[in-house]
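Student: Pasting in a structure now, in structure tokens, and then I'll have a few things to ask.
The values are calculated or read from the model by the stated rules, or taken from the named source; none is laboratory data. It should be emphasised that the depicted structure is a prediction, and the values quoted were computed from it without experimental measurement. Methodologically, a virtual Cβ is constructed for each residue, glycine included, from the backbone with ideal geometry; neighbour enumeration extends over all protein chains shown. Remember, those area values only see protein heavy atoms, side chains included, never the ligands or the DNA or RNA. Shrake-Rupley method; radii C 1.70, N 1.55, O 1.52, S 1.80 Å.
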Amino acid sequence: MSINENGFSERKTILVTGATGNVGRHVVSQLLDMAVPVRAVVRNPGSVDLPDGVEIVRGDLAEPSMLGEALAGVEAVFLVWPGLPTSLAPAVLDELKRHARRVVYLSSMSIREGRAQQAEPITDFHATIEKLIEGSDLNWTFLRISGLATNTLGWAQQTRSGDVVRWPYAAAARTLIHEKDVAAVAVRALTSDRHNGAKYILTGPQVLTQAEQVQAIGEAIGRPLRYEEISPEVIRQQMLTQLPPAMVDGMLNAWAGFVREPEPISSIVEEITGTPAHTYKEWAIDHARDFS
């Protein structure tokens with residue numbers, strides 16, 4: 001395998017799972033910008049909107065035996081595990097290692113090393129997938145991210161219909177990360193051997209409370225917004241209509257925890273890419289149309 005002047009290996013195709021998602025779309029576009037062959041595996045090829053130049057192949061992680069076509073000739077895989085049972089992961093990894101050399105997995109910074117079970121279900125889910133990947137014959141890189149800034153798009157319905165965001169835990173302080181920055185690190189890990197075995201903690205460059213995030217959105221859309229703190233139980237009842245109780249309680253407990261102990265800041269994005277991570281205010285400007 002040869003290495004070019006940028007330290008990237010001259011390689012075969014990169015397969016992107018979750019290619020239509022918030023991070024995956026940017027992984028695809030950034031790989032294309034580097035002239036790296038990109039293949040997206042999707043359930044319904046006819047219904048996706050991806051840039052020209054992407055090879056689109058039908059496939060589903062829920063059916064590991066059907067991934068052969070998507071993996072043929074692939075060098076590395078960007079893996080997003082979309083809430084499927086972790087029991088499917090061994091079969092998926094068996095398919096991956098028949099073709100690919102490397103997997104870059106989108107994980108969570110809330111994982112705590114050495115624990116038999118993590119504090120809440122989402123983190124435990126990611127820790128289980130990580131452990132299975134480590135036990136495979138694949139080279140791997142884990143991107144343990146803080147909260148994605150795109151999660152705050154959940155407030156968009158409120159900002160489009162008024163000037164108040166009603167949500168619990170106004171003082172929950174987070175280092176939300178722009179999806180572009182996650183993708184930028186992912187692309188480097190997918191295209192270079194230098195990041196094999198790394199567990200990267202990726203965050204935004206600043207700590208903002210949820211109330212400050214709402215203020216930043218207001219500045220981005222040119223309209224003052226107000227954060228009105230409401231009872232966690234009110235939101236819990238709303239969330240239970242869409243999510244299982246254990247997941248809802250885990251999310252609420254995490255937000256409560258960020259009031260007591262803000263998320264830490266990591267400089268890894270800048271160290272890997274040479275460019276500072278985007279601020280939440282920059283993210284809000286990029287997504288202003290979503291909120292107005």
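Student: Report, please, the projected area of the stretch 205-265 averaged over directions, based on the convex hull of its C-alpha atoms, in nm².
Tutor: So the mean shadow area of the Cα hull is 5.3 nm².
Student: Another one. Could you point to the residue in Gly197, Ile133, Val185 farthest towards the positive end of the stretch 122-230's charge dipole, with +1 and -1 charges on the Cβ of Lys/Arg and Asp/Glu respectively?
Tutor: Projecting each Cα onto the dipole axis, the largest value belongs to Val185.
Student: Rounded to the nearest 500 deg cm²/dmol, what is the calculated helix-only ellipticity per residue at 222 nm for the chain, with -39500 (n - 2.57) per DSSP H run of length n ≥ 4? All intermediate terms of the calculation are to be shown ahead of the outcome.
Tutor: Values: 12 runs with 112 residues, N = 292.
Calculated from helices alone, the mean residue ellipticity at 222 nm is -11000 deg cm²/dmol.
Student: Quick one: grab Rg to one decimal and Dmax as a whole number for the stretch 20-119, Cα atoms only, in Å.
Tutor: Cα only, the stretch 20-119: 14.6, 44 Å (Rg, Dmax).
Student: Below 13 angstrom from the Cβ of Ala116, what's the summed charge of the other residues (Lys, Arg +1; Asp, Glu -1)? Kindly include the intermediate steps, with their values, before the conclusion.
Tutor: On the way: positive: Arg112, Arg115, Lys131; negative: Glu113, Asp124.
With Lys, Arg at +1 and Asp, Glu at -1, the net is +1.
Student: Let me ask another. If you take the beta carbon distance between Gln238 and Ser136 as r and set R0 to 45 Å, what does 1/(1 + (r/R0)^6) give as a FRET efficiency, to the nearest 0.05?
Tutor: My answer for the efficiency is 0.70.
Student: Peptides 177-184, 134-141: what's the order by average Cβ count within 10 Å, highest mean first? All intermediate terms of the calculation are to be shown ahead of the outcome.
Tutor: On the way: 177-184: 24.8, 134-141: 16.4.
Descending mean neighbour count gives 177-184, 134-141.
Student: Report, ordered by chain and residue number, the lysines lying within cross-link reach of Lys12, taken as a straight Cα distance under 25 Å and ignoring same-chain residues fewer than 8 apart.
Tutor: Straight-distance partners of Lys12: Lys97, Lys180, Lys199.
Student: In nm, what is the difference between 0.36 nm times the number of residues separating Ala256 and Asp286 and their Cα-Cα distance?
Tutor: Gain in length upon complete extension: 8.0 nm.
Student: Compute the Rg/Rh shape ratio of the stretch 11-63: radius of gyration over Kirkwood radius, all on alpha-carbon atoms.
Tutor: Rounded to two decimals, Rg over Rh is 0.94.
Student: So, one more: P(r) for the stretch 154-292: what percent of alpha-carbon pairs falls in each 5 Å bin, starting at zero?
Tutor: Here the calculated profile for the stretch 154-292 is 2, 10, 16, 17, 18, 17, 11, 6, 3, 1.
Student: For the stretch 246-292, what is the convex hull volume of the alpha-carbon atoms per residue, in Å³? Before the final figure, lay out each step's value.
Tutor: Details: hull volume 6.3 nm³, N = 47.
Dividing the Cα hull volume of the stretch 246-292 by its residue count gives 135 Å³.
Student: Could you sort Ile56, Ile265 by their accessible area in this structure, using a 1.4 Å probe and putting the largest first?
Tutor: Sorted descending by solvent-accessible area, the residues read Ile265, Ile56.
Student: Right, next: Of the listed peptides 75-83, 251-259, what is their order by residue-averaged count of other C-beta atoms within 10 Å, with the highest listed first?
Tutor: With the highest mean Cβ count within 10 Å placed first, the list reads 75-83, 251-259.
Student: Tell me the Kirkwood radius of the chain: reciprocal of the mean inverse pair distance over distinct alpha-carbon atoms, in Å. Kindly include the intermediate steps, with their values, before the conclusion.
Tutor: Details: mean 1/r = 0.0499 Å⁻¹.
That comes to 20.0 Å for the chain.
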